[in-house]
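Here is the structure we will look at, set down as structure tokens.
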Amino acid sequence: MSDQSPAAPCSPYDALLLLSFGGPEGPDDVVPFLENVTRGRGIPRERLKEVGQHYFLFDGVSPINAQNRELLDALRKDFADHGLDLPVYWGNRNWAPYLPDTLRRLTQDGHRRVLTLATSAYASYSGCRQYRENLADALAALEAEGLTPPRVDKLRHYFNHPGFVRPMVDATLAALAELPEGVREQAHLAFTTHSIPTAAADTSGPVAGHGDGGAYVAQHLDVARLIAEAVREETGVDHPWQLVYQSRSGAPHIPWLEPDICDHLESAHGAGVPGVVMVPIGFVSDHMEVKYDLDTEATAKAADLGLPVARAATVGADPRFAAAVRELVLERAATERGRSPERCALGALGPGHDLCPVGCCPARAPRPAAAGADSPYA
């Protein structure tokens, strides 16, 4: 293909796959969805009904699918506005549209080289490796059907791309402005992300960085520092901050990352902190963990304490994030063509790897994973 072709900037890629977690879209979907999420763990259906109560508070609808549709629209608009002829597909791990169905459609539409954008910005087993395992499972299913699956690559982690960080800075400033004027300057920032087992955190990222929270904690701390510094530069106020965790779901005897956001709010109140802004840097959109664990549970805890809180928005379908995805697509495509494009990243950690190395975010049990150095579908 000539570099003068309109499709050349994306070559050798001919499609982008938005890969997400998925969520129920009605009360009847909740338990089947949770059965998909917990597949293989033997959790009784009655227990899943209990676990699903926070979905029923929202009529059984997770916001994530609607938010992914908005992101799809934003990506397609940005690509069209910049002359990129790259179709965008969407598949989920745990609910319709299911990943295998989307990959089958991609294959039947004639696509042979596919880039994947996962709606998880950081390194971890559940945020990266598990997506890659699901990709490998889906590709194996296509082969079993007699189809020749496309080659699938994954965009690098984008937690420190300006198109992810800057919208979070603006959201933090907007949330600070929501606090009562008398507590605003002394407010603390609580940067929140999904808690994971400490063992999973310690082995996140490449092997050389394993231990003491691994890449998962290091990447979140770097983003939190970037946002706090930007807020200080724009307001002249140095707000104290801490990385805290939410949405723990594991067995009580297994250590998970702490402190929990509700425990942190209680400690902050006890220390005389006049207000807190919760900044969900660990999430791409305002899905259920944000709407329930922060907007419902943590906000209720703060109300009980009499502690003013505000919650910053996630990046969602912000046009700057869509533009960042376009830049990452063009960067990866140029790299695949043997060029050395500028790799945009803020903070101390620099741009991440394109290809997950062997031993990166290792699986709980050995399973094939696509889009990495150990992929059976290279």
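The values are calculated or read from the model by the stated rules, or taken from the named source; none is laboratory data. This one's a predicted model, so the numbers in the text were calculated from it and none came from an experiment. All Cβ positions, even for glycine, are placed from backbone atoms using ideal geometry, and neighbour counts span all protein chains on display.
Taking residues in region 205-224 that are surrounded by 19 or more Cβ atoms within 10 Å (Cβ to Cβ), and partners anywhere that are among the hydroxyl-bearing types (S, T, Y) and in a helix (DSSP H, G or I), the pairs with Cβ atoms closer than 9 Å and at least 6 places apart or on different chains are G205/Y216; G213/T198. Condition check for A228 on (1) in contact with a helix residue (DSSP H, G or I) (Cβ under 9 Å, 6 or more places away or on another chain); (2) buried (at least 22 other Cβ atoms within 10 Å of the Cβ); (3) assigned to a helix (DSSP H, G or I): one failure, at (2). With respect to (1) buried (at least 17 other Cβ atoms within 10 Å of the Cβ); (2) closer than 20 Å to C128 by Cα; (3) touching a Lys or Arg at 6+ places or on another chain (Cβ under 9 Å); (4) of a type in the set (A, V, I, L, M, F, W, C), the lone exception for L294 is condition (2). Scanning region 303-333 for residues that are farther than 25 Å from N68 by Cα and crowded, with 17+ Cβ neighbours inside 10 Å gives L307, P308, V309. Of the residues making up region 64-96, those that are surrounded by fewer than 18 Cβ atoms within 10 Å (Cβ to Cβ) and under 20 Å from D28 (Cβ atoms) are A66, A96. Do we have G52 as surrounded by fewer than 20 Cβ atoms within 10 Å (Cβ to Cβ), small (G, A, S) and under 22 Å from D293 (Cβ atoms) here? The answer is yes for G52. Inspect region 200-209 for any residue being modelled with pLDDT of 95 or more, in contact with a Leu (Cβ under 8 Å, 6 or more places away or on another chain) and within 22 Å of R129 (Cβ to Cβ) and give the result as yes or no. The answer is yes; a qualifying residue exists. Looking for something assigned to a loop (DSSP other than H, G, I, E, B), more than 22 Å from the chain's Cα centre (by Cα) and surrounded by 19 or more Cβ atoms within 10 Å (Cβ to Cβ) - is there at least one such residue anywhere in region 266-281? Looking for residues that are assigned to a loop (DSSP other than H, G, I, E, B), more than 22 Å from the chain's Cα centre (by Cα) and surrounded by 19 or more Cβ atoms within 10 Å (Cβ to Cβ), one finds at least one in region 266-281, hence yes.
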